[in-house]
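Any read-out appearing in this document is the output of simple, stated calculations on the displayed coordinates, not a laboratory observation. Note that the structure is a prediction, hence the values are computed from the model and not measured. When we count neighbours, we look across all protein chains shown, and the Cβ atoms used for this are built from the backbone with ideal geometry, even at glycine.
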Amino acid sequence: AAGSHFSPDGTPEAHPGFVHRRLRTHEKREMQKEILSILGLPHRPRPHLSHGKYNSAPLFMLDLYNTMSGEEKADRLRSARTTQSSPLATFQETAFLNDADMVMSFVNLVEFDRELSPQRRHHKEFKFNLSQIPEGEAVTAAEFRLYKECVSGAFRNDSFLLRVYQVVKEHPDREADLFLLESRRLWATEEGWLEFDITATSNLWVMSPAHNLGLQVGVETSSGQSISCKEAGLIGRDGALEKQPFMVAFFKVSEVHIRAAR
Amino acid sequence: STGGKRRQQNRNRSSQPRGASRGLGPADYNSSDQKTACRRHELYVSFRELGWQDWIIAPEGYAANYCDGECSFPLNAHMNATNHAIVQTLVHLMNPENVPKPCCAPTKLHAISVLYFDDNSNVILKKYKNMVVRACGCH
């Protein structure tokens, strides 16, 4: 067994009955070798963690982990949470979770926001590296998530049209070729997580990494004025860690036969 | 350890009256040093203890069993898991106190889920469903 149980407040506790003691050096080495072989990893990963910069939503994934480790415990966890900002797994994600062999959340690789395109259209770019997916894993569902806060100030009584695009081709001196994935009308006063289905796009990226040119998000007011994501209340990399945008993909060993996107 | 044991037995044999053909009885097995008798131990392995908390997010650790002492059944090239389990079962029946019951191969383990960072700081939640013990013995 994985050996972790949850105390009523949700923190993992050690396996009852098993001895706790300091490992001897050779035991440590043996355990590490055994664990890496069980996880199928060639070496111990060395993530470069710095808050905000390489955020791949560990809290959200921990939520999925708790859901996976025990349905009833996760419910207790949910009821214990009071902050609305925590990206809790939706019912649909829980369904994907039950079916998935692996779930991954990805770091947004775009480090510097280029807010204005050559035609002075506000947009935000996002890129995720899906080239390291293990052989034979197919995307069964993928989501791109943005957190929107309630807007006050000039646009507080307005509504926005938010569009998510897949970048099809980039040009050095003009607008990139874009494919519209979804457009959604939002009230300025709305707050919470926005989820966008990018399953087909993700499968294309897994099968053909060269086509992975990322996503673009653009926002217009009801009068068609292009505004920045920040003005529309969308949280970017400079926001709180648990509200930063991320992508999550659910994988299953490739019984699923995906037609390449046209 | 078997080498040592064989020397010990030769010495015993030489001191016995010749012609006494007494097999290895339960009392003889491991009796020489109770403390090092082959035993199965339970240990909680904490990933924090291994210094892995920077990349394993959950679980906090896992329960492991391992054998210690004079376990004279190393699994090697000419003894496969099935023979190993049979021999150990026989010796366990003869001397249940000293020799733990075999965990014979292959044994299916519970599925586990692990949440961890990869080298690129992506987070991976993986289910390991078909876990089978590859070694056989008392752990």
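Fewest Cβ neighbours within 10 Å first, please rank A:VAL107, B:VAL114 accordingly.
Values: A:VAL107 23, B:VAL114 20.
So the ranking, lowest neighbour count to highest, is B:VAL114, A:VAL107.
Once label points are set 7 Å from the Cα along Cα→Cβ at both A:LEU241 and A:LEU180, what is their separation, rounded to one decimal in nm?
Each label point lies 7 Å from its Cα, and together they span 3.8 nm.
Taking the number of other C-beta atoms within 10 Å as the exposure measure, put A:PHE250, A:PHE196, A:PHE60 in order starting with the fewest.
Arranged by neighbour count, lowest to highest, A:PHE250, A:PHE196, A:PHE60 become A:PHE196, A:PHE60, A:PHE250.
A:ALA200 versus B:GLU42, label points 7 Å from Cα toward the beta carbon: distance in nm?
Label at A:ALA200, label at B:GLU42, 5.3 nm between them.
Going by a ≥ b ≥ c, the root eigenvalues of the Cα gyration tensor, does the range A:94-208 fall in the rounded group (a/c under 1.5), the prolate group (a/b larger than b/c) or the oblate group?
Oblate, since a/c reaches 1.5 and b/c is not below a/b.
Just to verify a number: FRET efficiency for A:HIS48 and A:ASN157, C-beta to C-beta distance, R0 = 51 Å, to 0.05? Walk me through the numbers on the way to the answer.
Numbers: r = 43 Å, r/R0 = 0.85.
Efficiency, from the Cβ-Cβ distance: 0.75.
Only counting other Cβ atoms within 10 Å, I'd like A:LYS148, A:LYS28 sorted with the fewest neighbours first.
If I rank by nearby Cβ atoms, fewest first, I get A:LYS28, A:LYS148.
Could you check the spin-label model distance between A:LEU36 and B:GLN53? Points 7 Å from the Cα along Cα→Cβ, value in nm.
Those two pseudo-labels are separated by 2.2 nm.
Using a/c under 1.5 as the rounded threshold, could you call the range A:135-262 rounded, prolate or oblate? The axes a ≥ b ≥ c are square roots of the C-alpha gyration tensor eigenvalues, and prolate needs a/b larger than b/c, oblate otherwise. Each step should come with its number before you reach the end.
Values: a/c = 2.44, a/b = 1.68, b/c = 1.45.
The shape class here is prolate.
Report ³J(HN,Hα) in whole Hz for each residue of the range A:151-164, in order, from the Karplus equation J = 6.51 cos²θ - 1.76 cosθ + 1.60 where θ = phi - 60°; Gly and Pro get x.
8, 10, x, 4, 9, 5, 9, 9, 10, 10, 10, 9, 10, 10
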